[in-house]
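Please read the structure below before turning to the comments.
None of the figures in this text is laboratory data; all of them are computed from the coordinates on show. Here the structure is a predicted model, which is why all the values come from computation and not from measurement. All Cβ positions, glycine included, derive from the backbone under ideal geometry; neighbour counts span all protein chains shown.
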Amino acid sequence: MSQQILLQQGRLIDPSAGTDRVVDILIEDGIIRTIGTGLAAGDGCEVVDLAGMVVAPGFVDMHVHLREPGYEHKETIATGTLAAAFGGFTAVCCMPNTNPAIDDESIVEFVKSQGQRSNRGIVDVFPVGAVTKGRDGKLMAPISELVQAGAIGLSDDGAPVHDAAIMRRAMEYASMYDVPIIQHCEDVALAKGGVMNEGETATRLGLPGIPNVAEEVMIARDVMLAEFTRARYHAAHVSTAGSVALMREAKKKKIKATCEVTPHHFTLTDREVCAFDTNTKMNPPLRTQADVDAIREGLRDGTIDVIATDHAPHSLDEKEVDYIQAPFGIVGLETAIGLSVTHLVATGVLTLSQLVEKFSTNPRKIIGKEISVAEGQAANLTLFDPGAEWTVDCSQFHSKSKNSPFNGTILKGKPVGIVNHGLVLINGTYTGKHI
Amino acid sequence: MKLASRHLLGLDGVSHQDIELILDTAVSFKEILNRPIKKVPPLQGKTIVNLFFENSTRTRISFELAQRRLSADVVNFAASGSSVTKGETLKDTARNIEAMKIDMVVIRHASAGAAHFLTQVVKANVINAGDGCHEHPTQGLLDMYTLREKFGSLKGLRVCIVGDILNSRVARSNIFGLQTMGAEVSVCGPSTLMPREIERLGVKVYHHLDDVLPHVDAVNVLRIQLERAAAGLFPSLREYHRFFGVTSERLAKVNRPIAVLHPGPINRDVELSADVADGPHSLILEQVLNGVAVRMAVLYLLGLSE
């Protein structure tokens, strides 16, 4: 007996196929059987009314910290993927700054299998392998083995690859597999000791600053190396106007360079730090309004390919300290769609179709996990309501950690559910017989 | 008359009216300090803890004297060294204090924002006695008191803060407070010791003392910390003294007296030459006495707010 689910009257937006129309989608045993209008539900077929909702190819958050192994008090693969599912993501790429780091094929296998065991495997977990052994920037990690085991990219995230020669060799080596090197762009000497954006607000607060140039010199160097090696390079979480300009130039020169931005970097500025709220402390730091404006323009004109959250869970105890002691990072999986619809779509920066590109089409192209919403294909879908207004309540997050500066914020645009591997999670409950 | 806030965390955002209230109140306390019996009862029955996570002699003694002269019970907690400067210990320490029914906490800490953090975890009144490079509001107030006493008014007064502005909480509290009171504030120092976009705080920036001295009524000379040279922010103390030291020769080029303040402790013949520190225009010892009066005023006024 097959399992059938009929998604009725959803607005299917698939930029890879140029689709944007209201349709019914019949899914049978996890495969899209029919896309059409006025489809009838057969016996035993579950019907889901999606009038007013968007149906998109499954969103992927290509920058997430799942903290397992090593920091399970902050997050586990199970809690992190549950947060992803409720945030509207069918896949996450998890960064290797775990303990031990994902610098060995056995850790890649462990992370993948934990992902498959978590939440019935509804969210795909794609590990990012380390560039260097132990992420210490010295010896190249076993890149071939990592990629063969399933790493979709390589990064020492949190610890930039500082030595230009090591970066060059890693790029050359990784280019054999056409996987990107994902760089946390920061010149550590320039950023040393900083806890927030260097500028007027840091000057007022007496907090040590991280200058925008700390990010930009690294991007400038890396883009030149990417041009030289012809390798694929992806700049993680760009935060400054200068970084956007550098990436725009790189793309003009046809360098294989892509980049991402986090929702907090297109919504908040360093003025948020004024009350010393440690949930405004992240790296890269919140910048100025001019940077926010440049990032929005970069999203609009396509310079910025991807929206990724840099979901960085920390326990309450870790964040409930003075600003300088507090660790960098905030959770982001469960607010990403709301922040993006509110600040990008409702403001006219992006169309809904462009938003789907930034959350699905583009990141999937970068990590080599492209999908399409078409008959005969596996159903891998994100469902969200672009018109729903809701108030962020961090205590309701499914993530183990609640460190977000958006508690109490009213957002427009809410994830409704996901479909992946024959599983359907809608409004918090699983639908279908396989469960 | 009461202050708008039940804490004193900084002078940024404190109103003209509140600063004036503190300075006016300090006038009557200074008068008490000149009496043979210097003790008055307003804080009788109140318990105050001085929570010093950073070494300090004069600020702690000044606060303690102010507290005792207002008849408060005083507990001193001194902790220095890396293990107790961690934030977690700050939270734990704060909660322990809360459990012991303390009315006010005076905190000095190496991290900017530590006093703000404390207000989130205790119910007591919090007074910031210096948090990292952020603020040192009672120092700013005592500097303003000293200038007001000398010049009669702060309105239109031209004050230059000289030295390591980047790392100075004294500079920030002076800038915010003096500007609120209508003074014209400039800063002078090596460009590497100027925080980025300092001009956006409304101060004029100078890098040559001879350019600014003719245009000011007073200079507030900051202590230069020896480790800043080691950190590569300027080449040497010798060069610092030659180009940024406030000396009698430099002051003599201006044909009128310039009042000299220094928050102490002084590195003699580095940021300030000895003859200027001990000279007729130095207000440094006045600052020390006024510090007790101003801190009495702050403690008294915060004691009124429940």
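Model label sites at A:A17 and A:M176, defined 7 Å from Cα along the beta-carbon direction, differ in position by 3.8 nm. Fully extending the segment from A:D29 to A:C274 would add 82.9 nm, taking 0.36 nm per residue of separation and subtracting the current Cα-Cα distance.
Across peptide B:195-204, the mean count of Cβ atoms from other chains lying within 10 Å of each residue's own Cβ comes to 4.
Relative to the longest principal axis of the Cα atoms of chain B, the long axis of helix B:58-69 lies at roughly 40 degrees. The label-point distance for B:R68 and B:R196, in a model that sets each label 7 Å from Cα toward Cβ, rounds to 4.7 nm. Net charge dipole, the range B:137-287: roughly 260 debye, given to the nearest 20, about the Cα centre with Cβ charges of +1 for Lys and Arg and -1 for Asp and Glu. What the phi angles of the range B:263-269 give under the Karplus curve with 6.51, -1.76 and 1.60, with θ = phi - 60°, is a coupling list of x, x, x, 7, 8, 4, 6 Hz, glycine and proline written as x. Relative to one another, the C-alpha centroids of the range B:15-45 and the range A:8-63 are positioned 74 Å apart. Annotation: the residues A:I337, A:I410, sorted from fewest to most other C-beta atoms within 10 Å of their own C-beta, follow the order A:I410, A:I337. Of all DSSP-defined beta bridges confined to the protein assembly as shown, some 35% are antiparallel rather than parallel. Of all DSSP beta bridges confined to chain B, the antiparallel ones make up roughly 5%.
Between amide H atoms placed 1.01 Å from N, distances below 5 Å from A:G209 occur with A:V195, all of them 5 or more places distant or on a separate chain. Placing unit charges on each Cβ (+1 for Lys and Arg, -1 for Asp and Glu) gives the protein assembly as shown a dipole about its Cα centre, and among A:L423, A:P142, B:G245 the Cα reaching farthest toward its positive end belongs to B:G245. Dividing the summed -39500 (n - 2.57) terms of all DSSP H runs of n ≥ 4 by the residue count of chain A sets its mean residue ellipticity at 222 nm at -7500 deg cm²/dmol. Convex hull volume per residue, computed on the Cα atoms of the range B:137-287, equals 97 Å³. Considering only A:L316, A:M62, B:M1, the residue lying farthest towards the positive end of the dipole of the protein assembly as shown is B:M1, judged by Cα position with unit charges set on Cβ. Along its three principal directions, the equivalent ellipsoid of the protein assembly as shown from the Cα gyration tensor extends over semi-axes of 57, 28, 22 Å, largest first. Remark: the range B:229-276 projects, on average over all directions, an area of 3.8 nm² (convex hull of Cα atoms). Working note: 222 nm ellipticity from helices only, DSSP H runs with n ≥ 4, each -39,500 (n - 2.57), summed and divided by the residues of chain B, gives -12000 deg cm²/dmol to the nearest 500. Take every DSSP beta bridge whose two residues both sit in the range A:58-367; close to 5 percent of them are antiparallel. Helix screen, chain A: DSSP H segments with Cα axial length of 20 Å or more and mean Kyte-Doolittle hydropathy at least -0.5 are A:212-229. Between 0 and 90 degrees, the angle of helix B:169-180 with respect to the longest Cα principal axis of chain B falls at about 90 degrees. Over chain A, the reciprocal of the mean inverse Cα-Cα separation, the Kirkwood hydrodynamic radius, stands at 21.6 Å. Measure nothing fancy, just the Cα-based angle from helix B:87-99's long axis to the longest principal axis of chain B, in degrees from 0 to 90, nearest 10. Tilt of helix B:87-99: around 40 degrees. Between A:E72 and A:D293, the contour length at 0.36 nm per residue exceeds the Cα-Cα span by 75.9 nm.
Spelling out what I want: for every residue of the range B:222-230, take phi, set θ = phi - 60°, compute 6.51 cos²θ - 1.76 cosθ + 1.60 (Karplus), and round to whole Hz; glycine and proline get x. After applying 6.51 cos²θ - 1.76 cosθ + 1.60, I find 8, 5, 9, 8, 4, 6, 5, 5, 4 Hz. Could you list the residues of the range A:74-98 with an amide nitrogen less than 17 Å from a label point located 7 Å from the Cα of A:N427 in the Cα-to-C-beta direction? Once the point is set 7 Å along Cα→Cβ of A:N427, A:86-88 turn out to lie under 17 Å by backbone N, inside the range A:74-98.
Once the Cβ-Cβ distance between A:D163 and A:F228 is put in as r, and R0 is 22 Å, what FRET efficiency do you end up with, to the nearest 0.05? Taking R0 as 22 Å, the efficiency between A:D163 and A:F228 is 0.90.
In the structure shown, do any of A:K358/A:K412; A:K281/A:K414; A:K251/A:K365 have a Cα-Cα gap over 21 Å, and if so which?
Among A:K358/A:K412; A:K281/A:K414; A:K251/A:K365, the Cα-Cα distance tops 21 Å for A:K281/A:K414.
In debye, nearest 20: dipole of the protein assembly as shown around its Cα centre with unit charges on the Cβ of K, R (+) and D, E (-)? With Lys and Arg at +1 and Asp and Glu at -1, about 1700 debye. Cross-link partners of B:K101 among aspartates and glutamates, defined as those whose alpha carbon lies under 18 angstrom from its own and excluding same-chain residues fewer than eight positions apart: B:D73, B:D92, B:E306. With a Förster radius of 35 Å applied to the beta-carbon distance between B:S5 and A:Q396, the computed FRET efficiency rounds to 0.60. Check cross-link reach from A:K400 to the aspartates and glutamates: straight Cα distance under 14 Å, and skip same-chain residues fewer than eight apart. Result set, ordered by chain and number: A:E68, A:E72, A:E75, A:D317, A:E318, A:E334. Charge dipole of the range B:190-241 (Cα centre as origin; +1 on each Lys and Arg Cβ, -1 on each Asp and Glu Cβ, all else neutral): 180 debye, rounded to the nearest 20. Taking Lys and Arg as +1 and Asp and Glu as -1, the other residues whose beta-carbon sits under 13 Å from that of B:G156 total +1. Toward the positive end of the charge dipole of the protein assembly as shown, with +1 on the Cβ of Lys and Arg and -1 on the Cβ of Asp and Glu, the farthest Cα among A:F384, A:C259, A:T203 is that of A:T203. The residues A:Y323, A:Y430, when put in order of fewest to most other Cβ atoms within 10 Å, stand as A:Y430, A:Y323. The fewest-to-most ranking of A:K412, A:K400 by surrounding Cβ atoms within 10 Å reads A:K412, A:K400. Enumerate the amide H contacts of A:H63 below 5 Å, restricted to partners 5 or more residues apart or on another chain; note that Pro and chain-start residues carry no placed amide H. For A:H63, the qualifying residues are A:C93, A:T309, A:D310. Which one of A:Q116, A:Q354, A:Q148 has the biggest mean-square fluctuation once chain A is modelled by GNM with Cα springs under 10 Å? Top of the fluctuation ranking is A:Q148.
Computing FRET efficiency as 1/(1 + (r/R0)^6) for A:R300 and A:V188, where r is the C-beta to C-beta distance and R0 is 22 Å, gives about 0.10. Straight-line cross-link reach from B:K204 at under 25 Å between alpha-carbon atoms covers these lysines, not counting any fewer than eight positions away in the same chain: B:K150, B:K155, B:K253.
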